[in-house]
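Visitor: This is the structure I have questions about; it appears just below.
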Amino acid sequence: MNDEQRMLADMAGDLFTNLGPDAAMKDHWSAIEEVALTGLLLPEDKGGFGGSWGDALIAFRLAGYHALGLPVVEAVVAAALTQRPEGRGTIASRTEGTVSGVTFTGRISGACLASGADYIVAPCPEGGSMVLSVADAKVEAHENLAGEARDGLVCTGTSVERIEADVFAFGALARVAQIAGALDAALEKAVNYANERQQFGRPLAKFQAVQQNLATFACEAAAANCAAMGAAQAMSRGEAPFEIAAAKLRANRAVGIGTALAHQVHGAIGFTEEYPLHPLTRRLWAWRSEFGNDSVWAEKLGQTIVARGAENFWADLTALTG
Amino acid sequence: MQTFVTEPLDWPATAPELRNQVRTLVAEHGNADPVARANSWAKPDPEFSRKLGAAGLIGMIWPKEFGGHERSPLERYVVLEELLAAGAPVGAHWIADRQTGSLLLRYGSEEEKRRWVPGMARGEVYACIGLSEPNSGSDLASVRTSARRDGDDWIVSGQKVWTTNAHNAHVMIALVRSEAGSERNQGLSQFVIPMDAPGLTVNPIIDLAGGHDFNEVFLEDVRLPSTALLGTEGNGWKQVTAELSLERSGPERYLSSMALLVELIRFAGDKDSESLRALVARLAAETWTLRLMSASVASKIARGEDPALEATIVKDLGNSFEQAMPELVQAAVDIDPAGPEALGLVLGHLLQTSPSFSLRGGTREILKGIIARGLGLR
Ligand SMILES: Cc1cc2nc3c(=O)[nH]c(=O)nc-3n(C[C@H](O)[C@H](O)[C@H](O)COP(=O)(O)OP(=O)(O)OC[C@H]3O[C@@H](n4cnc5c(N)ncnc54)[C@H](O)[C@@H]3O)c2cc1C
């Protein structure tokens, strides 16, 4: 991390610690606006931070780490894709319907807190993405497993602006970063718990079976974090279809192993509503589906690799980095 | 908590050129046998080692004074990953290049350095690792092979086992108890032992697949000059810990089975199968991630840090990945693992050899113990 990134990490870390999973739009969104965080990826002449995807990774990872209850990540991505400094944007993962000219008729789903948003970026059925004003659609409230708003939007001849960037891929990149953070947070909780909780007259941490489980967990959290870093770094090229697919696949795998071990180490207390493990693990389970589950990304990536052929695999892999 | 702090990677500007150099060299030498490709760093081929040496691709980071090339650690990393990905037969010199040469340069007497290192850099002098003994495996601090003084000389007696490459090697660095009556990690020293020393014998141990990679080494009153003591007397445990870092941190811990993934991609190209494509994608995603992790360890080493914990994580993940892969491929592809098709042959080979991946260089349980310590659990 450079100095600016350390400042960003400190600022976002403090802010997200205070806000946490229970932050509410009406009470707390102003705290995000005050620091203009949604302009993280906008150039400075548009009032943004002029941040890189490496900077975004830091903020998104911390949002995951603190299971932040506000759609900051989505607002940052929406602003970056549209280059709009004004208003709150958000993103959606799925679209069914047809675009004719500059209007869309159909249904958008997986919209990350559409109500109250000014505009939304959704996948366009004909490729790329489309931007529309939320006021022009009918919002149907829906939540993901973790209680995060994932609304539906019904559109009838709604006017849209088309953009080239693929919001689905950007959404996946954001989820990878959040998964990386949430896994590290769940690991930390599990390690602390193992050091505190006593059974058979000593801390759980002294039992080799528990140690080995937590070591396995640490490896998975490490893999998810490296995948997130690799994908974010690749974005400096402008797009990173291989890396985003690979990173989402790897992070999704880490979710399964990590959440299972986090709960195993915690015993029954971790299975309660009161204990703050589920804001992390339920999000992780939800995020594994969002912006592409394994089958979606595996088909995309598998097709590319198989079409390029065995002899190109390693050369292509190394060409991604140098 | 952030278990594995990753920084953006800076690959050396010379990387593309080095990649081409290695790819051309491997192609010219010929490397057609897929099973040999799946056995890369266990397969000795002195002719290939000499070619690599002549091309300046062994001892890349060693001083020129000792035949090295004073390149950067990341340049060396690029060469290593290219060799492994191609499945090139690097077994003869692998250990010398990876750890023995560096250890000699760091701790060795002037005499021993001059005697061994330049030949290692030429790809002509090979090494083996004398750690394990019949009663000392994971519990390495219990080694019993002993060294006692006799005038200026040392007399070494005991037995080493599972010694990979001992039958090709010219020299072994052994961990030995140099203080009679000492216990555990006290009183241990490392010695440089020529494999043709009188009193040293090597017996082959054949592995379950019929291969001959490791051996037992008997040491019966082997007389060594005082210069054969490596580093400081009694400092063996500390030195060996540093040696194990070199041994564990390289890309071979995830790149031993690239041949299987490549053959799977070839096989999937002829079939229109979504499940095969999904498997290819999963394995490729894992490979991509492990490559970043492994390179990140290399770049930390290049900056002079000691990423022992990260290296352990990469080895453990790499071993698990390489052990899962044959089983996944066997489940997905209806093919005879006894051959004759290339995919089957590679699969059959790795089904049999991959159990050793989480034993050699430290077992899974020992590695996870190290990670647990890093997490503050012990
Ligand atoms: C292919 C191959 C090449 C090798 N090459 C070399 C070489 O060149 N030089 C060399 O010196 N050695 C070499 N080895 C030996 C290797 O380092 C040892 O096999 C390894 O250290 C384990 O020792 P062991 O086989 O005696 O098993 P043991 O130590 O007896 O262990 C058996 C099992 O018990 C587990 N175990 C042991 N202690 C604990 C504990 N405290 N807690 C939990 N579980 C435990 C182990 O993890 C393992 O699963 C090689 C091994 C292989 C398979």
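Visitor: If Lys and Arg each add +1 and Asp and Glu each add -1, what is the summed charge of the other residues whose beta carbon sits under 14 Å from the beta carbon of B:Arg50?
Guide: -3
Visitor: Summing -39500 (n - 2.57) over the DSSP H runs of n ≥ 4 in chain A and dividing by its residue number, what mean residue ellipticity at 222 nm do you reach, to the nearest 500 deg cm²/dmol?
Guide: -17500 deg cm²/dmol
Visitor: Label points 7 Å out from Cα along the Cβ direction at A:Arg237 and A:Phe271: separation in nm?
Guide: Reported label-point gap for A:Arg237 and A:Phe271 is 4.6 nm.
Visitor: Where does the charge balance sit around B:Asp10 when Lys and Arg score +1, Asp and Glu -1, over other residues with C-beta under 14 Å from its C-beta?
Guide: 0
Visitor: Using only protein heavy atoms and a 1.4 angstrom probe, determine the accessible area buried between A and B, summed over both sides, in Å² to the nearest 100.
Guide: So the total buried area for this chain pair works out to about 4400 Å².
Visitor: Before anything else, pin down the relative contact order of the range A:204-282: Cα pairs under 8 Å, at least 6 apart, normalised by residue count, whole percent.
Guide: 29 percent
Visitor: Taking the Cα centre of the range B:249-374 as the origin, how large is its charge dipole in debye, to the nearest 20, when only Lys and Arg (+1) and Asp and Glu (-1) carry charge on their Cβ atoms?
Guide: The dipole of the range B:249-374 has a size of about 540 debye.
Visitor: Return the FRET efficiency for the residue pair A:Phe207, B:Asn135: r is the Cβ-Cβ distance, R0 is 35 Å, and the value is rounded to the nearest 0.05.
Guide: Once rounded, the FRET efficiency stands at 0.85.
Visitor: In 10 Å bins starting at zero, report the fraction of Cα pairs in the range A:89-163 per bin as a rounded %.
Guide: 23, 59, 16, 1
Visitor: Would you list the membrane-span-like helices of chain B, meaning whole DSSP H runs whose alpha-carbon atoms span at least 24 Å along their axis and whose mean Kyte-Doolittle value is at least 0.5?
Guide: Length and hydropathy pass: B:274-302.
Visitor: Would you mind checking which residues have amide H under 5 Å from B:Ile205's amide H? H placed 1.01 Å from N; only 5 or more apart, or other chain.
Guide: It is B:Phe214, B:Asn215, B:Glu216, by chain and number.
Visitor: For A:Ser289 paired with A:Ala307, estimate the spin-label separation in nm (one decimal), with each label point 7 Å from Cα along the Cα-to-Cβ line.
Guide: About 2.9 nm, to one decimal.
Visitor: Sequence-distant or interchain residues sharing an amide H contact under 5 Å with A:Glu140, placed H: which?
Guide: Excluding prolines and chain starts, which carry no amide H, the hits are A:Gly152, A:Leu153, A:Val154.
Visitor: Indicate, rounded to the nearest 5 percent, the antiparallel portion of the DSSP beta bridges found entirely in the range A:89-163.
Guide: Beta bridges within the range A:89-163, antiparallel portion: roughly 90 percent.
Visitor: Each label point is 7 Å from the Cα along the Cα-to-Cβ direction; what then is the distance between the points at B:Asp153 and A:Glu34, in nm?
Guide: According to this spin-label approximation, the distance is 8.1 nm.
Visitor: So, one more: Given a 1.4 angstrom probe, I'd like the percentage of the accessible area of the range B:249-374 that is carbon and sulfur, rounded to a whole number.
Guide: 53 percent
Visitor: Kindly list the residues of the range A:117-136 that lie in the label zone of A:Thr156, defined by a backbone N under 17 Å from the point 7 Å along the Cα-to-C-beta vector.
Guide: Counting backbone N atoms under 17 Å from the label point, the list is A:135-136.
Visitor: Here's another thing I want to ask about it. When only Cα pairs under 8 Å and 6 or more residues apart are kept, what is the percent relative contact order across chain B?
Guide: It comes to 16 percent, rounded to a whole number.
Visitor: Can you tell which of A:Pro71, A:Ala56, A:Pro125 lies farthest toward the positive end of the dipole of the range A:51-135, using +1 and -1 charges on the Cβ of basic and acidic side chains (Lys, Arg; Asp, Glu)?
Guide: Value: A:Pro71.
Visitor: A further question follows. Taking square-rooted eigenvalues a ≥ b ≥ c of the alpha carbon gyration tensor, is the range B:129-238 rounded, prolate or oblate, where a/c under 1.5 means rounded and, failing that, a/b exceeding b/c means prolate?
Guide: oblate
Visitor: R0 = 45 Å: FRET efficiency of A:Asp45 with B:Asp33, Cβ-based, nearest 0.05?
Guide: About 0.15, to the nearest 0.05.
Visitor: Right, here's the next one. Given the DSSP H assignment, sum -39500 (n - 2.57) over each helix run of at least 4 residues in chain B and divide by its residue total; what's the result at 222 nm in deg cm²/dmol, nearest 500?
Guide: -14000 deg cm²/dmol
Visitor: Right, something else. Calculate the length of the line joining the C-alpha centroid of the range A:136-155 to that of the range A:217-259, in whole Å.
Guide: If we compute the Cα centre of each part, the gap is 27 Å.
Visitor: Also, quick follow-up: Explain nothing, just compute: Karplus ³J(HN,Hα) = 6.51 cos²θ - 1.76 cosθ + 1.60, θ = phi - 60°, for every residue of the range A:295-302 in order, whole Hz, x for Gly and Pro.
Guide: 5, 4, 6, 5, 5, 4, 5, x
Visitor: Would you mind checking the tilt of helix A:53-65 against the longest principal axis of the Cα atoms of chain A, expressed as 0 to 90 degrees and rounded to 10?
Guide: 50 degrees
Visitor: Take every Cα pair under 8 Å in the range B:137-211 that's 6+ residues apart, average their separations, divide by the length, and report that relative contact order as a whole percent.
Guide: Once divided by the residue count of the range B:137-211, the mean separation gives 29 percent.
Visitor: Is any residue of the range B:336-352 close enough, with backbone N under 16 Å, to a label point placed 7 angstrom from the Cα of B:Lys271 along the Cα-Cβ axis, and if so, which?
Guide: B:336-348
Visitor: Keeping the other protein chains in place, figure out the carbon and sulfur percent of the accessible area of chain A, with a 1.4 Å probe.
Guide: 51 percent
Visitor: So which lysines pass the test for B:Lys315, namely a Cα distance under 19 Å, with those fewer than 8 places away in the same chain ruled out?
Guide: Counting by Cα, and skipping residues close in sequence, B:Lys315 has these lysines nearby: B:Lys300, B:Lys368.
Visitor: Please list, in chain and number order, the residues 5+ apart from A:Val160 or on another chain whose amide H is under 5 Å from its amide H, with Hs placed from the backbone.
Guide: Hits under the 5 Å cutoff: A:Thr103, A:Phe104.
Visitor: Working only with C-alpha atoms, what are the Rg and Dmax values of the range B:277-375, expressed in angstrom?
Guide: Considering the range B:277-375 through its Cα atoms, Rg and Dmax are 15.8, 48 Å.
Visitor: Let me ask you something else. What order, most packed first, do the peptides B:54-60, A:29-35, A:108-114, A:222-228 have when packing is the mean number of other Cβ atoms within 10 Å of each residue?
Guide: So the order, starting with the most tightly packed, is A:222-228, A:108-114, B:54-60, A:29-35.
The values are calculated or read from the model by the stated rules, or taken from the named source; none is laboratory data. This is a predicted model, so every value here is computed, not measured. Counting neighbours? That spans all protein chains shown, and the Cβs are built from the backbone with ideal geometry, glycine included. These area figures cover heavy atoms from the full protein model, side chains too; ligands, DNA and RNA do not enter into them. Shrake-Rupley method; radii C 1.70, N 1.55, O 1.52, S 1.80 Å.
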